[in-house]
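Peer 1: One structure, as structure tokens, below. Some questions next.
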Amino acid sequence: MSNTTQALSRIEAILDDSSFVEIGARVTARATDFNMQEKKAPSDGVITGYGVVNGNLVYVYSQDASVLGGTIGEMHAKKIASLYEKAMKMGAPVVGLIDCAGLRLQEATDALNGFGEIYKNMSLASGIIPQITAVYGECGGGLAVLAELSDFVFVEEKKAKLFVNSPNALDGNYESKLDTSSAKFMAEAGVVDFVGDEETIANGVRQLVSMLPSNNAEGTVCTDNQDDLNRVCQDMEAEIADPALALSDDGVFVEAKAEYAKEMVTGFILVDGVTVGAVANRTALYDENGEKAEEFAPVLTTAGAYKAAEFVTFCNAFEIPVLTLTNVKGFEATVKSERTIAKAAAKLVYAFSNADVPKVNIITGEAYGSAYVAMNSKSIGADMVYAWPQASIGMMDASLAAKIMYADDIAASKDVTSTINEKAAEYAALQSSVDQAAARGYVDTIINPEDTRKYVVAAFEMLFDKREVRADKKHGTV
């Protein structure tokens with residue numbers, strides 16, 4: 001298969017059959033320096049056009065590595081920038097398929113200016129239309145920035161390379177030592193959302209486009225639902241590692257950044273046919289045999305906070321409701337995290353507080369201190385908060401609180417352990433029990449775990465037409 005055919009086949013794998021219409025097929029480079037006029041550049045190395053995914057309009061471009069290495073020249077860039085202008089006018093997503101050797105050196109400032117125009121249009125489109133980038137080959141230097149300007153990034157698992165500086169250009173490193181451009185490295189760094197082969201990428205892009213609204217004005221995406229709205233989740237407590245699977249219609253769950261900050265889960269589920277953004281604290285990860293593969297402390301980490309904040313911000317921009325499942329006892333306490341956790345937690349608090357979409361919180365376990373407040377608590381704007389009976393909500397773990405509050409009694413005690421347990425029980429009954437939180441209105445309803453789905457369905461149905469009036473401002477600064 002030629003590269004040109006490959007560039008087109010990647011488009012056709014994503015779009016509905018026979019729906020692609022090419023734009024600018026006869027555009028070619030106009031540069032003459034370095035005898036460029038003698039080099040053929042059909043379509044200037046990028047195929048651009050539009051089609052549909054499950055009947056929804058989508059604009060798409062695919063770089064052609066057979067034409068000057070797929071490098072970005074002046075006209076190449078103008079084609080992509082122009083595609084964005086059309087997409088914003090029509091309110092339709094843009095899918096970019098990257099396979100490029102970088103900027104075309106022979107066109108220098110013309111290419112650089114065109115690249116800047118792509119940056120500008122992607123920035124202007126942010127929050128107006130969904131932007132998805134799939135990397136199949138080289139995506140280096142400024143192209144890596146382009147990828148990160150989009151909302152979601154797919155990377156081919158074996159051949160793709162995503163980097164700002166190549167592995168060999170990093171001090172003390174070389175590719176065989178650590179391939180910092182690999183899909184695996186970038187997924188673990190949180191740069192990449194999804195990794196897979198070309199077929200997996202095509203199917204993933206189609207599913208994501210189908211679940212997301214076409215633009216920020218379209219409103220909630222609704223599809224037919226055959227799953228029982230009152231379905232009992234018998235194993236809900238056992239499913240707490242990935243609770244979104246149990247709650248979603250027919251177990252549909254599109255997890256974003258699965259390899260990054262695994263203690264925080266972000267992804268899309270379906271609730272009565274409506275796309276909902278799910279954010280959950282995770283304490284364990286299981287393999288395909290049901291064996292515990294990884295275990296995580298129930299704490300808010302810097303990476304987890306940034307991951308969740310970015311996801312909530314996207315959901316709010318596109319009117320996607322947000323569900324949180326909270327189980328967090330505090331902030332990660334290490335010297336390394338202390339450098340960054342305050343800023344990261346502030347980003348998360350701002351993201352939830354700023355979001356005016358329907359927000360529902362389920363407290364499944366521990367919910368202590370400011371880390372709990374940051375996880376979509378009632379105090380920062382959750383519309384409905386439910387809690388399981390065994391949940392505990394308060395300032396801190398009861399034993400720790402008892403050691404602080406009753407330090408003198410404990411020091412004078414002949415049986416320290418018994419005294420701590422006694423005082424901790426008293427504190428828990430008065431300050432940390434889910435009943436006390438409900439009595440103060442911080443929890444709306446205490447629910448059994450197996451009934452979680454029907455409460456979530458009912459809550460989002462009630463909140464479907466939610467509207468909030470906020471103070472007028474250009475934008476926040478957090």
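The values are calculated or read from the model by the stated rules, or taken from the named source; none is laboratory data. Quick caveat, the model's predicted, so the values are computed rather than measured. When we count neighbours, we look across all protein chains shown, and the Cβ atoms used for this are built from the backbone with ideal geometry, even at glycine. With ligands, DNA and RNA removed, areas are computed over all heavy atoms of the protein, side chains included. Shrake-Rupley method; radii C 1.70, N 1.55, O 1.52, S 1.80 Å.
Peer 1: Do we find that Glu259 is within 30 Å of Met90 (Cβ to Cβ), at pLDDT 90 or above and not basic (Lys, Arg) in this structure?
Peer 2: no
Peer 1: Can you name the residue in segment 292-320 that is open to solvent by less than 10 Å² (accessible area, probe 1.4 Å) and touching a Pro at 6+ places or on another chain (Cβ under 9 Å) and is also nearest to Gly127 (Cα to Cα) among such residues?
Peer 2: Phe318
Peer 1: Please go through segment 18-48 and give me each residue that is modelled with pLDDT of 60 or more, over 34 Å from the mean Cα position of the chain (by Cα) and crowded, with 20+ Cβ neighbours inside 10 Å, ordered by number.
Peer 2: Ala29
Peer 1: Go through segment 201-222 and report how many residues are assigned to a loop (DSSP other than H, G, I, E, B) and either in contact with a Gly (Cβ under 8 Å, 6 or more places away or on another chain) or surrounded by 15 or more Cβ atoms within 10 Å (Cβ to Cβ) (or both). Break it down into steps so the answer makes sense when it comes.
Peer 2: Step one: filter segment 201-222 for residues assigned to a loop (DSSP other than H, G, I, E, B), giving 212-221.
Now narrow it down to the ones that are either in contact with a Gly (Cβ under 8 Å, 6 or more places away or on another chain) or surrounded by 15 or more Cβ atoms within 10 Å (Cβ to Cβ) (or both): 212-218, 220-221.
The number of residues fulfilling the criteria is 9.
Peer 1: Could you count how many residues in segment 326-370 are open to solvent by 10 Å² or more (accessible area, probe 1.4 Å), in a helix (DSSP H, G or I) and aromatic (Phe, Trp, Tyr)?
Peer 2: Final tally of qualifying residues: 1.
Peer 1: Right, something else. Scanning for something open to solvent by less than 10 Å² (accessible area, probe 1.4 Å) and on the phi > 0 side of the Ramachandran plot, does segment 248-260 turn up at least one residue?
Peer 2: No, there is no match, as no residue in segment 248-260 is open to solvent by less than 10 Å² (accessible area, probe 1.4 Å) and on the phi > 0 side of the Ramachandran plot.
Peer 1: Being over 23 Å from the mean Cα position of the chain (by Cα), under 30 Å from Glu218 (Cα atoms), surrounded by 19 or more Cβ atoms within 10 Å (Cβ to Cβ) and in contact (Cβ under 8 Å) with a residue 12 or more places away in the chain narrows it down to one residue among Phe115, Phe194; which is it?
Peer 2: Phe115
For (1) in a loop (DSSP other than H, G, I, E, B); (2) surrounded by fewer than 18 Cβ atoms within 10 Å (Cβ to Cβ); (3) touching a residue at least 24 places away in the same chain (Cβ under 8 Å); (4) among the aromatic types (Phe, Trp, Tyr), each residue gets a yes or a no:
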residue: Asp224; (1), (2), (3), (4): yes, yes, yes, no
residue: Val232; (1), (2), (3), (4): yes, yes, yes, no
residue: Ala246; (1), (2), (3), (4): no, no, yes, no
residue: Phe268; (1), (2), (3), (4): no, no, yes, yes
residue: Gly277; (1), (2), (3), (4): no, no, yes, no
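Peer 1: Then there's this: Could you look through segment 49-88, keep only residues that are more than 23 Å from Asn216 (Cα to Cα) and hydroxyl-bearing (Ser, Thr, Tyr), and pick out the one that is surrounded by the most Cβ atoms within 10 Å (Cβ to Cβ)?
Peer 2: Among those residues, the one meeting the criterion is Ser62.
Peer 1: Considering only residues that are more than 18 Å from Leu112 (Cβ to Cβ) and open to solvent by 40 Å² or more (accessible area, probe 1.4 Å), which ones fall in segment 89-101?
Peer 2: Lys89, Met90
Peer 1: Here's another thing I want to ask about it. With respect to Glu12, determine if the residue is under 21 Å from Ala160 (Cα atoms), at pLDDT 90 or above, open to solvent by 40 Å² or more (accessible area, probe 1.4 Å) and not polar (S, T, N, Q).
Peer 2: Here the answer is yes, as Glu12 does meet what is asked.
Peer 1: Can you tell me how many residues within segment 203-222 are farther than 26 Å from Asn316 by Cβ and touching a strand residue (DSSP E or B) at 6+ places or on another chain (Cβ under 8 Å)?
Peer 2: Adding up the residues that qualify gives 0.
Peer 1: Among Glu218, Glu188, which is among the acidic types (Asp, Glu) and within 23 Å of Ile129 (Cβ to Cβ)? Full working, then the answer.
Peer 2: Details: Glu188 fails: within 23 Å of Ile129 (Cβ to Cβ).
The conditions single out Glu218.
Peer 1: A further question follows. From (1) touching a strand residue (DSSP E or B) at 6+ places or on another chain (Cβ under 9 Å); (2) more than 27 Å from Asp249 (Cβ to Cβ); (3) open to solvent by 40 Å² or more (accessible area, probe 1.4 Å), pick out the condition that doesn't hold for Val145.
Peer 2: Here Val145 clears every test but (1).
Peer 1: I've got another one for you. Starting from residues that are aliphatic (A, V, I, L, M) and in contact with a helix residue (DSSP H, G or I) (Cβ under 7 Å, 6 or more places away or on another chain), keep the ones in segment 449-478 and report whichever is most open to solvent (accessible area, probe 1.4 Å).
Peer 2: Within segment 449-478, the first condition is being aliphatic (A, V, I, L, M), and the residues that meet it are 456-459, 462-463, 469, 471, 478.
Cutting the leftovers down to in contact with a helix residue (DSSP H, G or I) (Cβ under 7 Å, 6 or more places away or on another chain) gives us 456, 478.
Working: Val456: 4, Val478: 75 Å².
Looking at residues that are aliphatic (A, V, I, L, M) and in contact with a helix residue (DSSP H, G or I) (Cβ under 7 Å, 6 or more places away or on another chain), I get Val478.
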